[in-house]
């Protein structure tokens, strides 16, 4: 089903550079919806993942009916792709560096497995980029301030993981 262009209000991005994600299965990045607009996730890009020793990691995007709380986090900057777009009204866009209380996970909607590199340059291989991309027919949608999407490891890594994460989403009026 195609969305209505007349209700579209803007496309936005936010980047977490060198986020030190905790070694946990709780979400290390979370975006929360709003009661005022429909939020459609367009993509999440992950790059430069490193940890103490080279390891395979499995990532998942989880859909949450209640958002995580607690933990130590950084609020993401919500940047409009077109500067004439109104300010984004996401209720939450956070990158966590300490474990949060996970919220209520409905289930995972996408996953990827990849080889993360060692932090030590001599032991490291070639950095990889991984993208979760969605179009109109399958874009995850947030319709309320209590719903969210979180990026998480499906199995806790042996150590914290330093990673770059980029979100892109669209907002449209209800």
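Sorting the segments 82-89, 96-103 by their residues' average number of neighbouring beta-carbon atoms within 10 angstrom, most packed first, yields 96-103, 82-89. Fewest-first ordering of 29, 162, 34 by other beta carbons within 10 Å of each residue's beta carbon gives 162, 34, 29.
The protection proxy used here, the mean number of other Cβ atoms lying within 10 Å of each residue, ranks peptides 55-62, 148-155 as follows, highest first: 148-155, 55-62.
A simple spin-label model places the labels of residue 104 and residue 130 2.8 nm from each other, with each point 7 Å out along Cα-to-Cβ. Rounded to the nearest 5, the antiparallel percentage of DSSP beta bridges internal to the chain is 95%.
Values [x] 1.19; [y] 0.98; [z] 1.30 are given for comparison; Rg/Rh (Cα atoms, Kirkwood Rh), derived from the coordinates here, is the one labelled [y]. Ranked for footprinting exposure by Cβ neighbours inside 10 Å, fewest first, 112, 94 give 112, 94. For segment 1-68, the convex hull drawn through the C-alpha positions has a volume of 140 cubic angstrom per residue.
Read the figures in this text as sums done on the coordinates, not as results from a lab. Predicted, not measured: the structure shown is a model, and the values here were computed from it. Note: ideal-geometry Cβ built from the backbone for every residue, glycine included; neighbour counts use all protein chains shown.
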